[in-house]
1. Taking 0.36 nm per residue of separation and subtracting the Cα-Cα distance, what length does fully extending Ser92 through Val393 add?
2. How far apart, in nm, are two points set 7 Å out from the Cα along the Cα-to-Cβ line at Glu126 and at Thr181?
3. Taking 7 Å along the Cα-to-C-beta vector as the label spot, tell me the Cys267-Glu362 distance in nanometres, rounded to one decimal.
4. Starting with the highest mean, order 223-229, 95-101, 364-370 by the number of other Cβ atoms within 10 Å, averaged over the residues of each peptide.
5. Hey, how many Å between the Cα centroid of segment 101-149 and the Cα centroid of segment 38-75?
6. What share of the DSSP beta bridges in the chain is antiparallel, in percent to the nearest 5?
7. Run lengths n ≥ 4 of DSSP H only: what is the helix-derived mean residue ellipticity at 222 nm for the chain, with -39500 (n - 2.57) per run over all residues, to the nearest 500?
8. Can you order the peptides 289-296, 105-112 by their average number of other Cβ atoms within 10 Å per residue, highest first?
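The values are calculated or read from the model by the stated rules, or taken from the named source; none is laboratory data. What you see is a predicted model; the values in this text were computed from it and never measured. Here the Cβ positions follow ideal geometry from the backbone for every residue, glycine too, while neighbour counts run over all protein chains shown. For accessibility, only protein heavy atoms count, side chains too; no ligands or nucleic acids. Shrake-Rupley method; radii C 1.70, N 1.55, O 1.52, S 1.80 Å.
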Amino acid sequence: MGRLGLGIAVGCAAASCAIAAVMVGRRVRSRKRWWRVVRALDEFEEAAATPVGRLRQVVDAMAVEMHAGLASEGGSKLKMLLTFVDNLPDGSENGIYYALHVGGTNFRILRIQLGGQRSILGHDVERKPIPQLLMTSTSEEFFDFIALSLKEFVEKGNDLQLAQVRGKDLGFTFSFPVKQTSVSSGTLIKWTKGFAIEDMVEKDVVQCLQEALSRRGLDMNVAALVNDSVGTLAVGHFLDKDTVAAVVIGTGTNACYLERADAVIKCQGLLTTSGGVVINMEWGNFWSSHLPRTSYDIDLDAESQNPNEQGFEKMISGMYLGDIVRRVIFRLSLESDIFGALSSKLSTRFNLSTPLMAAMHEDDSPDLKEVAKILEETLDIHDVPLKVRKIMVRICDVVTRRAARLVAAGIVGILKKTGRDGTGGITSGRVKGVKSGKMRRTVVAVEGGLYTSYTIFREYLNEAVAEILGEEIAPYVILKMMEDGSGIGAAMLAASNSARSVDTVQVL
Ligand code: BGC
């Protein structure tokens, strides 16, 4: 080999060594980045963990806070609001009733025909998205939109014209915290779920609606103002008299239940004909140090419209779950290149909705095609390898499992407060119930897209309720799915309240 040949050979060897060194360096760096991802995921999973021991602490905290909220005004983050509903529909209601449901991204109008004997003879529903702009407009614009939509719905009805609905009773489901002053009046305490019509706060919502109806020439009478959880309880009770509590897990979350009137200590002199009263817990605002909070929850709360409020809701409900997942992938993208170059769409709040998150979670195709498609179309993240798509599914699973299990703990908290969990309530740790033959069949009505349309969520929730209660007590507790329950329930409450001439709930 001549000098030239030797030179070339040495040069080539040096070049290959350099390339090899670069490649090894890259591999080491990429492995390091991968380990960073694995570590971040493990940390997230650990912080969001909900072993049954922790869930039991949440159960106890919920029951204790319920007591505190009933004992005094402002005694707890749980508002435990009096609804003035003491008699739930019993199936004997008759006639045609209308209902409006305002509360999430969609607004619903319903007409139902009740036939007595627990029968619903007819049921029409129309859903309309609420224009984003109206959610932050003025109360007049907002209620004009609602009144106009109701008028159009009535006019479209086959047999009923405007004149024929004159004086008809209307149930109004308004799914925000309201301080009720009677079964058909109440003032808005605060907005949640992204609504912010400032001039509405502390106004009587029924008066606003009633005025808008008159402006549109609709002579209808709001006979019941109800929270969506109360509507769900009403329809649950109409269908099954053992229904004593209801939970909503949709855009927001909440629960209500039937309480003994004498347990509402903050309302001294509360008299009801039945001896019971429905309490709207507003559990979205529940808080306890036992909740498994992660750094992502802290950031989400800090950047929200209502920091330090609705803490439970922000870990559970449809408005937020997709955004928690987005925050986790955003952080992983900052720490590694597993999602390719950083996508600007990832840094925008609410860019990943909960329904899309659920679709990724439930993708059962072998190559996770749906996950790839959603990442591409929604977040502008392309060509993600299968192992990274699997990571996506894992993140969705952690977020959803935690949410569902926390709802389960909340439900068992209500059962504990009302002595239906087999432990004898919060003042005693002794297990009685089944052993002393005292367990009663208990039905909890559940409404909201996360429960009705997201199968994995529903399965996690049902499983966790059984796990917390244990196999002896669990068979006595039945979770019943209600679709459109809150609206139908409001119409039923309008029916049962219009039949009465006097208020059955009085605060002396
Ligand atoms: C509201 C509740 C409502 C729940 C479910 C929460 O944000 O505060 O009043 O029941 O969402 O719609």
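1. Working: separation 301, 0.36 × 301 = 108.36 nm, distance 4.75 nm.
Length gained between Ser92 and Val393: 103.6 nm.
2. Roughly 3.1 nm, to one decimal.
3. Between Cys267 and Glu362, the simple spin-label model gives 3.8 nm.
4. Highest mean packing first, the order is 223-229, 95-101, 364-370.
5. Segment 101-149 and segment 38-75 have Cα centres spaced 34 Å from each other.
6. Taking every DSSP beta bridge with both residues in the chain, the antiparallel ones total about 65 percent.
7. For the chain, the value works out to -14500 deg cm²/dmol.
8. Values: 289-296: 16.6, 105-112: 19.8.
Going by the mean number of other Cβ atoms within 10 Å, highest first, we get 105-112, 289-296.
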